[in-house]
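These notes concern the structure reproduced below.
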Amino acid sequence: MAKTEQSTYDFRGVTNKDAALLKGWLSSPHITAWWGDPEQELRDILGHIDSISVEPMIVELDGKPIAYLQTYDPHMEDDHPYQDQPFGTMGIDISIGEATNLNKGHGSTILSQLAELLFEEGATRLIIDPDPANAAAIKAYGKAGFVAFDTRTSEYGPALMMALDNPDAS
């Protein structure tokens, strides 16, 4: 499934019915290289279905699941390491589900579309924190307009902090 310039992605909340799909994705080598233990990650994702601080979503293209993403507000979690970011900041984590969909422009296009939605909802800044060794992710995030501003170490390991600011925020 190749991306076209007219591609529009749909974002829907994760449900328990997505467990098998997510387990398969989380067990894929291109995801396990950057995420933690697939079983623990799946428990964490499903545990956030009704969360107010993390919103887990499935991204669909033409009705077919293509990626997992989650947004979070670092100011709604006690002791979150990114609470130094301005209020109105939303964090994002994303992974393309199937390896066959990598390197086709989906990641940057999904992030651009998501950014537009989050900015319309009032987000002032978006942050994303790839591992500094994940060159493909960093390139995709850069194509979506994210700019590196810091390197940190989080509970998940090294993180290149990248941000995209809402051009309409004052």
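The values are calculated or read from the model by the stated rules, or taken from the named source; none is laboratory data. Given the structure is predicted, the values throughout are model-derived calculations rather than measurements. Backbone-built Cβ (ideal geometry, glycine too); neighbour counts: all protein chains shown. Note: accessible area is taken over every heavy atom of the protein model, side chains too, but ligands, DNA and RNA are not part of it. Shrake-Rupley method; radii C 1.70, N 1.55, O 1.52, S 1.80 Å.
Of the residues making up the range 57-80, those that are over 18 Å from Ile128 (Cβ atoms), open to solvent by 70 Å² or more (accessible area, probe 1.4 Å) and touching a residue at least 24 places away in the same chain (Cβ under 8 Å) number 2.
Of all residues in the range 14-58, those being assigned to a loop (DSSP other than H, G, I, E, B) and among the small types (Gly, Ala, Ser) number 6. Looking only at residues in the range 98-137 that are open to solvent by 20 Å² or more (accessible area, probe 1.4 Å) and of a type in the set (Ser, Thr, Tyr), the one that is nearest to Trp35 (Cα to Cα) is Thr100.
Can we say Ile110 is closer than 22 Å to Ile58 by Cβ and assigned to a strand (DSSP E or B)? In short, no.
Residues that are surrounded by fewer than 17 Cβ atoms within 10 Å (Cβ to Cβ) and either within 25 Å of Trp25 (Cβ to Cβ) or of a type in the set (Phe, Trp, Tyr) (or both) within the range 81-97 comprise just one, Phe87. Among the residues of the range 59-87, those identified as assigned to a loop (DSSP other than H, G, I, E, B) and closer than 23 Å to Ala20 by Cβ are Asp62, Gly63. A single member of Gly91, Gly122 is touching a residue at least 24 places away in the same chain (Cβ under 8 Å), at positive phi and not in a helix (DSSP H, G or I), and it is Gly122. Total residues in the range 94-106 satisfying the condition of being at negative phi and not in a strand (DSSP E or B): the figure is 8.
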